[in-house]
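Working notes for the structure below.
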Amino acid sequence: MATPSFSNNKNYFVSLEEALKLSKTIKIPTFEEKLPIENTLHRVLINDIYSKINDPPFNNSSMDGYAVIYSDTITATENEPIELEIIGTLPAGETPNEKLTSGFAIKIMTGAPIPDGADSIIMVEKTKKTNNKVLLYSPSFPNYIRIKGENLSKNELIFKKGTYLTPREIGLLATMGFSEVSVIKQLKISIISTGDELIAPGKELLPGQIYESNSYVLEGLIKEMGHIPIRHNSVSDTIDDLREELDKASNISDLIITSGGVSMGDFDLVRKIMEEEGNILFWRIKIKPGSPPLFGKWNNTPIFGLPGNPVSSHVVFQILINPWLKFITNANGPTPKIVKAKLLENINLKKEYINFSRVIVENTGTEMIAYTTTHQGSGNLHSLTTSNALTILPYNEKGTKDQIIDVLLL
Ligand code: AMP
Ligand code: MG
């Protein structure tokens with residue numbers, strides 16, 4: 001369905017909140033697949049996960065030392081050690097077959113099961129061994145025993161569906177005994193850069209040309225979210241080429257992301273073709289940088305049209321496409337972290353816009369501070385690599401020196 005002409009229609013120019021809300025009115029189906037856990041980095045769990053086991057599965061030692069009876073050791077000091085007789089050695093992986101009684105000790109390694117009768121551990125550093133005797137120079141420690149189930153109980157809910165898997169979660173799946181889990185099938189996401197001036201890195205740069213970089217940034221951001229980027233060759237600024245590439249993308253992908261061609265220029269044809277032949281939900285958001293993005297459908301495939309300026313396309317991906325993808329997949333990550341920091345300088349703000357300036361956030365030891373680095377042009381990708389955060393200065397904030405503000409860590 002073609003959209004009526006909207007270039008001057010203020011209704012399409014929305015706040016970030018409205019943009020997020022509107023984008024969620026377009027949904028796409030997701031599917032499930034079962035994968036070995038080693039292949040689930042950055043993927044999203046489709047089911048709640050309950051522990052298959054108690055963790056640890058048995059009481060065990062958290063120290064290399066001796067399993068003993070606490071009451072035997074209570075009076076031990078540096079000057080007056082206690083002597084016990086060693087009746088065995090327990091490496092990790094073995095099960096104890098002796099029961100410990102008063103006056104005796106069993107040598108034990110970290111992770112080995114606690115023998116019956118023992119109620120505490122003395123670490124090897126506090127002992128001295130001679131033949132089959134050991135001298136204890138301190139009382140033993142009951143809390144060097146890791147108790148069965150103290151980390152996880154069998155059948156306990158550990159991960160809710162929608163959990164985004166990082167190495168930590170994958171490790172815990174292994175701890176619980178899962179060799180495979182069901183996750184959301186990856187979405188295929190086409191990336192189409194537009195612009196006559198763009199040339200692939202590696203080729204010779206001719207007058208008027210620049211190296212195409214946005215598709216590489218977007219590819220990485222999509223991979224971090226666990227999906228499959230399909231990078232198209234960049235498209236020239238002609239309606240026919242654009243139509244052909246968009247048709248191709250909508251046939252092979254679940255989502256299309258374009259970069260460039262959405263502002264007010266004569267050759268901003270993504271906006272024009274979407275206006276004439278696509279379906280637009282919004283165009284332009286009150287954010288800086290990155291105000292001209294659009295969102296809608298091309299042949300029934302959702303499409304985000306990002307601005308061409310490299311900083312803008314990165315910022316808009318993070319604040320608009322990241323939340324949409326998480327909404328579609330019911331995922332709880334990845335989510336850039338927001339912290340508070342003190343602004344060390346005045347920042348020039350565009351009124352009525354949310355301002356995402358690139359800053360360095362540092363911990364001085366007593367407080368978090370934020371300051372800008374290189375100049376803030378939205379074409380300056382270097383400013384993103386020399387900073388580690390974006391300010392979130394909401395509508396009508398001032399951005400003055402010493403103000404405590406929210407910053408989004410990159
Ligand atoms: P546009 O949004 O098409 O008007 O582009 C805005 C600015 O971003 C222009 O200076 C373009 O040359 C630049 N630009 C557009 N696309 C890319 C890209 N894929 N990689 C690097 N720069 C780009
Ligand atoms: Mg362009």
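Table for the structure above
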| quantity | calculated |
| --- | --- |
| Filter result for L221 (assigned to a helix (DSSP H, G or I) and within 15 Å of ligand 2 (Cβ to nearest atom)) | no |
| Subset of the range 219-239 that is within 14 Å of K188 (Cα to Cα) and in contact with a Ser or Thr (Cβ under 7 Å, 6 or more places away or on another chain) - its residue that is surrounded by the fewest Cβ atoms within 10 Å (Cβ to Cβ) | R231 |
| Restricting the range 23-82 to residues that are acidic (D, E) and assigned to a loop (DSSP other than H, G, I, E, B), the residue that is nearest to the chain's Cα centre (by Cα) | D48 |
| Qualifying residue in the range 200-210 (condition: modelled with pLDDT of 95 or more, buried (at least 19 other Cβ atoms within 10 Å of the Cβ) and not in a helix (DSSP H, G or I)) | no |
| Which numbered condition F327 fails, given (1) buried (at least 20 other Cβ atoms within 10 Å of the Cβ); (2) closer than 26 Å to P29 by Cα; (3) of a type in the set (A, V, I, L, M, F, W, C); (4) more than 12 Å from ligand 1 (Cβ to nearest atom) | (1) |
| Selected residue (criterion: farthest from V262 (Cα to Cα)) from residues of the range 176-203 that are among the β-branched types (V, I, T) and within 16 Å of ligand 2 (Cβ to nearest atom) | I199 |
| Residues of the range 240-255 satisfying the condition of being under 11 Å from T301 (Cβ atoms) and exposed (fewer than 14 other Cβ atoms within 10 Å of the Cβ) | D247, N251, I252 |
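The values are calculated or read from the model by the stated rules, or taken from the named source; none is laboratory data. All of these numbers come straight from a predicted model, not from anything done at the bench. Backbone-built Cβ (ideal geometry, glycine too); neighbour counts: all protein chains shown.
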